[in-house]
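Working notes for the structure below.
The values are calculated or read from the model by the stated rules, or taken from the named source; none is laboratory data. Keep in mind that what you see is a predicted model, and the values were worked out from it rather than measured. Positions of Cβ are backbone-derived with ideal geometry, glycine not excepted, and every protein chain shown enters the neighbour counts.
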Amino acid sequence: NPYEAFNLGLHVGDDPSAVQANRRALEHALQVKPLWLQQVHGRQVVHLEHAPDPQAENALGLGPQADVSISTITGHACAILSADCLPVLMASANGQVVGAAHAGWRGLANGVLASLIEAMQEASPIGCADGLWAWLGPCIGFDQFEVGGEVVAALKANLATDAHFKPSAAGRWLADLPQIAARQIEVELAARGLPQIGLAEETACTFSNPSSFYSYRREAKTGRMAALIWRFADP
């Protein structure tokens, strides 16, 4: 069963009732309500304060079409589904705003992290003025993420470096998604005059660790994991 390890994705062919049961179990364990997105590899942002009522989601329960969510409220979590793409979670220094982004290569090329940082700064300019924390979740590793030249060109457009790419044995290219994301975060924060006060990276490769992670490139028909971030109530 490609979905047996707590699949949280409704769009991958799993039994919807099983997925909804998993989502309810997660919500109960965390005691927060995740907003699930219909991820489309873009840069659209959803603010949890203005998000539709979860009960009003479309018939498939996919939620709004977006690849970024941010929140300044408590009781609700920003949630990103992935199975090789990079989940990115961020928080302002004072914890007043948090956000999450779905950062596959298309999202990175489209500026999804710039959209995340811009939205967080607009939502809490004072909180972000003291800096932002970032966490890069598990994704497909440098040695496994083989792409064509057109992908490299799209990703290099705003990097000004070749350091995050290397030739593959098959005559194509390998791309380092976490380091590309880290560089984009660094550049975007600097352009906005915001400090980067910390960046943590989960270095495990989703493709190379079948016992721990779903991987679309490894199996195609597979589930989705979730990365979530939320605000606690002020003490």
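Inspect all residues belonging to the range 142-163 and state whether any of them is under 24 Å from ALA100 (Cβ atoms), acidic (Asp, Glu) and surrounded by fewer than 19 Cβ atoms within 10 Å (Cβ to Cβ).
no
Hey, ILE185 hits all of (1) touching a residue at least 24 places away in the same chain (Cβ under 8 Å); (2) in a loop (DSSP other than H, G, I, E, B); (3) over 20 Å from SER215 (Cβ atoms) but one; which does it fall short on?
Unmet for ILE185, out of (1) touching a residue at least 24 places away in the same chain (Cβ under 8 Å); (2) in a loop (DSSP other than H, G, I, E, B); (3) over 20 Å from SER215 (Cβ atoms): (2).
Within the range 190-201, identify whether any single residue is surrounded by fewer than 20 Cβ atoms within 10 Å (Cβ to Cβ), at pLDDT below 95, under 19 Å from the mean Cα position of the chain (by Cα) and closer than 30 Å to TYR3 by Cβ, and answer yes or no.
No, the range 190-201 has no match at all.
Report yes if GLU122 is loosely packed, with under 15 Cβ neighbours inside 10 Å and at pLDDT 95 or above, otherwise no.
Considered against the rule, which asks whether it is loosely packed, with under 15 Cβ neighbours inside 10 Å and at pLDDT 95 or above, GLU122 comes out as yes.
Would you confirm, using the coordinates I've provided, whether SER82 is under 20 Å from SER212 (Cα atoms) and modelled with pLDDT of 95 or more?
Yes; evaluated as a whole, the condition is true for this residue.
Suppose the filter is touching a residue at least 24 places away in the same chain (Cβ under 8 Å) and either more than 24 Å from ALA79 (Cα to Cα) or among the aliphatic types (A, V, I, L, M) (or both); does ASP143 pass it?
yes
Any residue that is at pLDDT 95 or above, of a type in the set (Lys, Arg) and part of a loop (DSSP other than H, G, I, E, B) - is there at least one of those in the range 156-171?
No, there is no match, as no residue in the range 156-171 is at pLDDT 95 or above, of a type in the set (Lys, Arg) and part of a loop (DSSP other than H, G, I, E, B).
Which fully enclosed strands (runs of 3 or more DSSP E) of the range 59-125 have 1 or more residues being in contact (Cβ under 8 Å) with a residue 40 or more places away in the chain, over 10 Å from the mean Cα position of the chain (by Cα) and farther than 19 Å from LEU30 by Cα?
Result: 86-92.
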